[in-house]
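Below: one structure, written as structure tokens.
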Amino acid sequence: MSEFAARRKRLLDAMGDGVALFPSAPLALRNQDVEHPYRQDSDLYYLTGFDEPESVLLLTNQHEEHSAVLFVRPKKREREIWDGPRAGVEGAVERFGADAAFPIDELRKRLPDYLGNVDRLHYRIAKDSDTDSILFDCLNQLRRGSRRGVTAPEVIIDSSVHLHEMRLRKSPAELATMREAAAITEEAHLRAMRLTKPGMREYEIDAELIHIYRQHGCERPAYESIVGSGPNATILHYRAGNRIMNDGELVLIDAGCEHEYYASDVTRTFPVNGRFSDAQRAIYELVLRAQDSAIAAVKPKATLEEIHAQAVRTITEGLVDIGLLSGDLDTLIEEKKYEPFYMHRTSHWLGMDVHDVGRYYLGGKHRPLEQDFVLTVEPGIYIATDAEDVDERWRGIGVRIEDDVVVTRSGAEVLTAGVPKTIADVEAACR
Ligand code: GLY
Ligand code: MN
Ligand code: MN
């Protein structure tokens with residue numbers, strides 16, 4: 001609770017005068033009357049730890065008594081019998097640190113009291129249309145009150161811009177949670193390496209990963225697992241399908257748990273039978289070299305562009321060495337000749353969202369890394385099955401290696417370093 005309160009205070013201090021509103025994520029129907037599993041909006045959770053739908057957080061430093069107000073579903077025995085307990089207005093105050101709480105149905109009625117005569121409203125318009133509509137009605141009502149001396153906010157500022165900059169810099173508590181997420185994901189990947197054998201289907205491995213996540217109390221994966229065997233490893237956003245994994249093939253697993261609302265995002269590629277073939281080994285070693293060189297470039301002031309450039313250079317160099325490209329290295333890089341084999345970027349921010357928030361550019365330039373940013377480093381090489389200009393022995397090989405990295409004072413800490421990665425360690429983990 002103190003961590004959440006400190007975050008609210010930091011945001012309020014940065015906001016200056018004004019009122020901020022953060023709506024919950026909407027409930028989503030899956031089909032007929034079945035709902036998708038509910039996950040709270042990351043911004044609202046970051047500020048409160050409150051995980052119920054149909055709620056809104058209001059932060060203000062222009063109210064005499066409260067700075068944090070929660071609008072929530074009130075306790076209601078008939079509904080709680082079906083859906084489980086609610087915190088209710090009492091719980092919102094006692095357990096989630098709100099200074100005041102009201103039933104969500106009262107938002108429309110109470111909002112004008114908080115927004116009247118306030119100049120600056122901090123709100124992300126067009127994210128949640130239900131809250132937009134209540135807010136717009138409130139603004140119109142206040143505008144009509146001008147002859148009575150009531151004014152409506154004149155400035156509307158996107159509340160997420162500053163908040164997302166806060167989320168980009170991880171606190172010690174957040175880093176501790178991300179280390180736990182990484183440890184659970186490590187165990188899941190180790191289990192996948194140990195249990196995979198020829199004849200199994202991809203979805204069986206997905207089930208093994210989820211087994212570990214749930215065993216540790218994780219609510220869900222951070223994203224749907226990618227388990228691509230054989231040529232499926234070359235499909236970047238393939239999901240764990242029903243293909244049978246064959247002797248002699250690689251399987252690429254891109255999977256991570258979400259632990260207490262924090263994502264991990266790890267990719268390992270290993271042989272289904274536990275032994276790399278010569279061609280697989282050559283591609284794998286090259287991707288590993290690229291990842292090592294890219295991770296070595298992670299430090300304060302470096303940019304994601306420099307990290308990507310390092311991965312691209314190592315990959316292009318290696319593709320020349322094994323004969324998949326030929327020509328002058330700088331020209332090949334300049335002309336992006338590596339792109340048929342490496343067509344995605346090397347890094348993204350990681351946090352509560354797997355592709356986490358925070359600006360990638362500042363003033364039109366790649367932003368310099370700072371201590372406590374968390375990012376992935378995930379180069380890969382993918383050789384299409386129909387790449388006719390490529391020697392047949394390489395076709396259908398897809399390798400990606402992905403780790404989660406914290407920027408430290410002078411370099412990098414790899415959160416997921418415990419997941420086997422060298423050829424020897426991977427083969428040992430598969431045995
Ligand atoms: N698993 C999504 C990604 O690697 O970006
Ligand atoms: Mn990934
Ligand atoms: Mn990733």
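The values are calculated or read from the model by the stated rules, or taken from the named source; none is laboratory data. Keep in mind that this is a model prediction, so the values were computed, not measured. Neighbour counts run over all protein chains shown; Cβ positions are idealised from the backbone, glycine included. Just so you know, the surface numbers come from the protein's heavy atoms only, side chains and all, with ligands and any DNA or RNA stripped out. Shrake-Rupley method; radii C 1.70, N 1.55, O 1.52, S 1.80 Å.
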For the stretch 342-374, which residues satisfy the criterion of being under 15 Å from A309 (Cβ atoms) and assigned to a strand (DSSP E or B)?
-> K365, H366
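State all residues of the stretch 375-411 that are in a strand (DSSP E or B) and among the acidic types (D, E); if no residue qualifies, say none. So that I can check it myself, show each step before the final result.
Taking the stretch 375-411 first, the residues in a strand (DSSP E or B) are 375-377, 380-382, 398-400, 402-407.
Within the stretch 375-411, E402, D403, D404 qualify.
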Which of (1) open to solvent by 30 Å² or more (accessible area, probe 1.4 Å); (2) touching a strand residue (DSSP E or B) at 6+ places or on another chain (Cβ under 7 Å) does Y123 not meet, given it meets every other one?
-> (1)
Might you let me know whether the stretch 251-260 holds any residue that is open to solvent by less than 20 Å² (accessible area, probe 1.4 Å) and either over 25 Å from R179 (Cβ atoms) or at pLDDT below 95 (or both)?
-> yes
Restricting attention to the stretch 399-431, which residues are surrounded by 15 or more Cβ atoms within 10 Å (Cβ to Cβ) and more than 22 Å from E186 (Cβ to Cβ)?
-> none
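For V399, are the conditions met, namely being among the β-branched types (V, I, T) and within 16 Å of ligand 1 (Cβ to nearest atom)? Give the steps one after another, and end with the answer.
Values: among the β-branched types (V, I, T): yes; within 16 Å of ligand 1 (Cβ to nearest atom): yes.
Spelling it out, V399 is indeed among the β-branched types (V, I, T) and within 16 Å of ligand 1 (Cβ to nearest atom).
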Considering residues that are more than 18 Å from V414 (Cα to Cα) and away from ligand 2 (no atom under 15 Å from the Cβ), the number found within the stretch 235-270 is 13
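For the stretch 100-175, which fully contained strands (runs of 3 or more DSSP E) count at least 1 residues that are closer than 28 Å to Q40 by Cα and touching a residue at least 60 places away in the same chain (Cβ under 8 Å)?
120-122, 155-157
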Is it true that some residue in the stretch 84-92 is over 22 Å from A173 (Cβ atoms), open to solvent by 30 Å² or more (accessible area, probe 1.4 Å) and assigned to a helix (DSSP H, G or I)?
-> yes
Given Y338, Y342, Y360, Y382, which one is within 17 Å of the chain's Cα centre (by Cα), modelled with pLDDT of 95 or more and of a type in the set (F, W, Y)?
-> Y360
